[in-house]
1. For residues that are buried (at least 16 other Cβ atoms within 10 Å of the Cβ) and over 30 Å from Phe281 (Cβ atoms), scanning just the stretch 334-357, find the one that is farthest from the chain's Cα centre (by Cα).
2. Of all residues in the stretch 272-311, which are in contact with a Lys or Arg (Cβ under 6 Å, 6 or more places away or on another chain) and either aromatic (Phe, Trp, Tyr) or farther than 17 Å from Ile432 by Cα (or both)?
3. Taking the stretch 185-219, which residues are touching a residue at least 40 places away in the same chain (Cβ under 8 Å), open to solvent by 60 Å² or more (accessible area, probe 1.4 Å) and not basic (Lys, Arg)?
4. Restricting to the stretch 377-393, name every residue that is touching a Leu at 6+ places or on another chain (Cβ under 9 Å) and surrounded by 14 or more Cβ atoms within 10 Å (Cβ to Cβ).
5. Taking the condition open to solvent by 40 Å² or more (accessible area, probe 1.4 Å) and aromatic (Phe, Trp, Tyr), does Phe491 pass?
6. Out of all the residues in the stretch 406-424, is one or more in contact with a Pro (Cβ under 6 Å, 6 or more places away or on another chain) and at pLDDT below 95?
7. Of these, Lys320, Lys349, Lys369, which one is more than 20 Å from Ser415 (Cα to Cα), at pLDDT below 95 and of a type in the set (Lys, Arg)?
8. Filter the stretch 456-468 for residues that are outside any loop (DSSP other than H, G, I, E, B) and either modelled with pLDDT of 95 or more or open to solvent by 40 Å² or more (accessible area, probe 1.4 Å) (or both) and give the result.
Amino acid sequence: MEALSSTKALKLSLPATHFLKTSPFNSSFKPQLLNYNSHFHGRYKGALSFTVSCKLKSPQDIENKRKGISKRIVLSEVAPPPLTEDDDVRGDENGKIPVKIESRGGISKLGKMLSRRVLTVLSNLPLAIGEMFSIAALMALGTFIEQVLLGASLMACTYTTQIPLVKVARRWTFLHSAEAIRKQEFADSLPRASIRDVGIILMGAGYEVFLKGPSLYAFKGLAGRFAPIGVHLALLLIMAGGTLSATGSFKGSVTVPQGLNFVIGDVLGPTGFLSTPSEDFNTEVHVNRFYMDYFDSGEVSQFHTDLSLFDIDGKEVMRKTISVNDPLRYGGITIYQTDWSISALQVLKDDEGPFNLAMAPLKINGDKKLYGTFLPVGDVNSPNLKGISMLARDLQSIVLYDQEGKFAGVRRPNSNLPIDIDGMKIVIADAIGSSGLDMKTDPGVPIVYAGFGALMLTTCISYLSHSQIWALQDGTTVIIGGKSNRAKVEFPEEMNRLLDKVPEIIESSVSESRG
């Protein structure tokens, strides 16, 4: 099959051309000769190139051509979808079978594009902040709506249920039918007894007794009927106090070094639209002293602040040393001891000073506190300024380092013990602490406390049983019955115990009671 090669180096003389002929195929060769270039002759013997185009026809193709039937093959780079039993594959009137091709690549590109857009929108910071505030507003609105609904439900229940029950319980209702008395939770009959004797026994047991002819009505524990109303009112009181606290309070915090003053009104800020300042906001607070207590291990155990309050005329109206869990209260304003820090060190350098060096908080791991300051040495305008570093964890001791950052020693404030560092005599005269104070005015606190007190009291009272007893004199027999709203087990036992005390009367006494 050398004659089918597309390009082949040949000699200058063209050999005989061979035509392939087979019975089932028809073949044709179209040779294309290239011009011979003489300047290549010295290097190459010759080059000849020709193109062969083949068209193979089968007997079936020839027969189809005669009949005018043509077939086409549609090629695609994408594999066709698999056929199912429901697919109806039919050709058209010309016998052509359509091939459906779905581009999965386009769908994936569309999905990626949409996911990128969604991620871009969701990663928008202003949108996230807006969503956060929207959620917070909806939560606050939901809480407010729940409180309003709860308050409305309590008031409606009190008005429609509890108050009518109290009115009914206070009525002196007599039962004039023996059948009605026997239908009570407890019922019994006393032969040869007097209804007056029953009344006396019941009065001795703490019952309120009412007699009307042959009928008797007695009750005790009416306060248990009023208790649910008190519980509802206490809950409403707590809700009202909480609402007033949220809308009418002032809050603020301040850190004040020892020896300085501040005005209460400059620190407090309103929390709601009902917040109204008072004249006590003009009170000036002076930090007389700040000091700390320590455990044996050296850790801080408690810290105290000696405060003085002065009115607008400069007169001291109150003085108290506060500590954690022991606040100061004045004119509806509460001052809490919540934090502490170190504001400055007073240092003597070669008997000069004292110099007040501000202390700065340093970040360390954990919840421990560390403060530091720097005493410059030499020209303060020099780019290579050096000095003495001082660190402190509390007001007990100060750690000093020389200009090279090497440990120099430890000194206690107010010890007046000098330390020699790089030829300089340093004395730590004092360490000035700062008191962290939280202040607030909360007009709803008394209301909330009163509501909780009433809630505890009325809850206890609600456990008192409200018991009712009816009795009817029927000849020489007393028919008696009763019920209780809580003591379902104790009430029958109490009734049996009381009825055992009723004396049995003789016939003459019965006649007199009838007369």
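1. So the residue we want is Lys349.
2. Once the filter is applied, which keeps residues that are in contact with a Lys or Arg (Cβ under 6 Å, 6 or more places away or on another chain) and either aromatic (Phe, Trp, Tyr) or farther than 17 Å from Ile432 by Cα (or both), the stretch 272-311 yields only Ser308.
3. Residues satisfying the conditions are Glu185, Asp188, Pro191, Pro214.
4. Step one: filter the stretch 377-393 for residues touching a Leu at 6+ places or on another chain (Cβ under 9 Å), giving 377-379, 387-393.
Matches in the stretch 377-393: Val377, Gly387, Ile388, Ser389, Met390, Leu391, Ala392, Arg393.
5. No; evaluated as a whole, the condition is false for this residue.
6. Among the residues of the stretch 406-424, not one is in contact with a Pro (Cβ under 6 Å, 6 or more places away or on another chain) and at pLDDT below 95, which makes the answer no.
7. Lys369
8. Listed by number, the residues that qualify are Met456, Leu457, Thr459, Cys460, Ile461.
The values are calculated or read from the model by the stated rules, or taken from the named source; none is laboratory data. Since this is a predicted model, take the numbers as computed values, not measurements. Cβ: placed from backbone, ideal geometry, glycine included. Neighbour counts: every protein chain shown. SASA here: full protein model, heavy atoms, side chains in, ligands and nucleic acids out. Shrake-Rupley method; radii C 1.70, N 1.55, O 1.52, S 1.80 Å.
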